[in-house]
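The block underneath contains the structure these notes are about, expressed in structure tokens.
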Amino acid sequence: MNQKKLHRTIETIASKHFDSEYEMLISVLNQVVEDEQLNINGGRIWVLNPEAKGYKLLYQIGKVAKINPDFYLKIKDYPVFEQIVKERTILGDETNTVLRKKGIFKYSASGVGDKIKIDGKPFYEYLLALNSEQIDDEFRYRLNIIATALTSRLKQKKISESEQLLKAGLDKARQLQKSILPEHEYVFRNYDLYGITYPAEIVGGDFFDYLRVGDDPDRLGVVVGDAASKGVSAAAEAMYISGAIRMASTFEIKIAALMKKTNQLVNKIFSDDKFASLFYGELSRDDNGLFLYANAGHNPPLFIRKDSDEIIHLDSTGPLLGPTPNAKYVVNSLNINSGDVLVIFSDGVVEAANTEFEMYDDYRLENLLREVKHLSSKEIAYSIIESVIKFSVNGKYTDDKTLVIIKKR
């Protein structure tokens, strides 16, 4: 049979749906033996057992006498197993007395699947042994092709299963992350809030939250955080920090103490290359619109008054969470009047880059805020996100993007 045709035939057989690797290997062996063109009259599949340091018979078919299913080929008795790793297929005279009594005087063995180390030496996870009336170099070539096609299919199957498991895991992580994020739109007294987050990957390190402080209905905490790096690792850190702050908020803890405790937790729990930025602010029933806040190395939020184009930056009041365990955080304040707008955002907004590696930057965000400050909090949020995405389409750098807009009616 033409070698390419043989390879395609094996791939076609192995590409069908099977519930296990064993089922696939057995099906291929059966059909190989049935194919008269291949002149193969029997065969066996052996599977490596690392603990027993040998190959156990998995399946056998053909005209030769059947081997006891509990029979093992011990690695120490077959030095040629190491040679199979180098040459893929070995042809030789059988020396095992048990197998010779079964009428097996010549053997062919070909390695299939991954290589597994035993005592520091690699061995194939499966051996495919075929019987033929003529065991020669042409037979070796056919066996090599069969083993190569099977190994390729096994690896594709494992990669596919890994991708499915990873996708399932990421889907669960995404759903979990979504479940801890609040509803986009939130109303607290005469404040309208709208939050939105766009992860750069399936899951991200940005988060935001709206927190009722203890049992006080007149205090609302607003949190925006950004865990360093991207993906699952950053998402895990973000979820931990978000959960810790949510739990702490139930005790009506003061802002400075909350920031200090959170910083110490991040320093203690995560490795020394991990850190996060965090902005925490509190709205209250205060008639003058008092807003208390602390900023742990986060991008300074932008505050604009209804009747002015002047923009105030709410700068850091303490360092990033994590690197400095004994850091102290100062609490600052401002007064929010009717029509005023506060934009809290992560660095993925202003650091979004276009194809020329230009960043969106604060000045674009400030100019846009002046144009859209008269809109609702939801409309402002979507105006900003749309502008950033259009600016950075096909750009070379992207990061998680999070916005929370607070507007007083």
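The values are calculated or read from the model by the stated rules, or taken from the named source; none is laboratory data. Remember, predicted model here, so these are calculated numbers, not experimental data. Ideal geometry is used to build each Cβ from the backbone, glycine not excepted, and the neighbour counts take in all protein chains shown.
Things worth noting here:
- Residue match in the range 214-227 (condition: in a helix (DSSP H, G or I), among the charged types (D, E, K, R), modelled with pLDDT of 80 or more and closer than 23 Å to VAL343 by Cα): no
- Here THR89 clears all of (1) under 15 Å from GLY111 (Cα atoms); (2) of a type in the set (S, T, N, Q); (3) exposed (fewer than 12 other Cβ atoms within 10 Å of the Cβ) except the condition numbered (3).
- Extreme residue, nearest to LEU292 (Cα to Cα), among residues of the range 332-343 that are crowded, with 18+ Cβ neighbours inside 10 Å and touching a Lys or Arg at 6+ places or on another chain (Cβ under 8 Å): ILE336
- The residue that is surrounded by the most Cβ atoms within 10 Å (Cβ to Cβ), among those in the range 281-313 that are over 21 Å from GLU366 (Cα atoms) and in contact with a helix residue (DSSP H, G or I) (Cβ under 7 Å, 6 or more places away or on another chain), is ALA296.
Listed here are the residues, each with its yes/no results for (1) surrounded by fewer than 16 Cβ atoms within 10 Å (Cβ to Cβ); (2) modelled with pLDDT of 95 or more; (3) farther than 21 Å from TYR280 by Cβ.
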residue	(1), (2), (3)
PHE345	no, yes, no
GLY348	no, no, no
LYS373	no, yes, yes
ARG409	yes, no, yes
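- Residue in the range 323-331 that is modelled with pLDDT of 95 or more, β-branched (Val, Ile, Thr), buried (at least 16 other Cβ atoms within 10 Å of the Cβ) and part of a loop (DSSP other than H, G, I, E, B) present: yes
- Index of the failed condition, TYR360 passing every other in (1) of a type outside the set (D, E, K, R); (2) buried (at least 18 other Cβ atoms within 10 Å of the Cβ); (3) more than 24 Å from TYR186 (Cβ to Cβ); (4) touching a residue at least 40 places away in the same chain (Cβ under 8 Å): (4)
- Considering (1) under 15 Å from LYS407 (Cβ atoms); (2) touching a His at 6+ places or on another chain (Cβ under 7 Å), the lone condition that LEU278 does not fulfil carries the number (1).
- Wholly enclosed strands (runs of 3 or more DSSP E) of the range 263-320 bearing at least 3 residues within 14 Å of ASP347 (Cβ to Cβ): 276-284
- Test: residue in the range 146-166 that is closer than 21 Å to LEU25 by Cβ, modelled with pLDDT of 70 or more and in contact with a Pro (Cβ under 8 Å, 6 or more places away or on another chain): no
- One residue stands out among those in the range 13-31 that are in contact (Cβ under 8 Å) with a residue 60 or more places away in the chain and touching a strand residue (DSSP E or B) at 6+ places or on another chain (Cβ under 7 Å): the one that is surrounded by the fewest Cβ atoms within 10 Å (Cβ to Cβ), which is LEU25.
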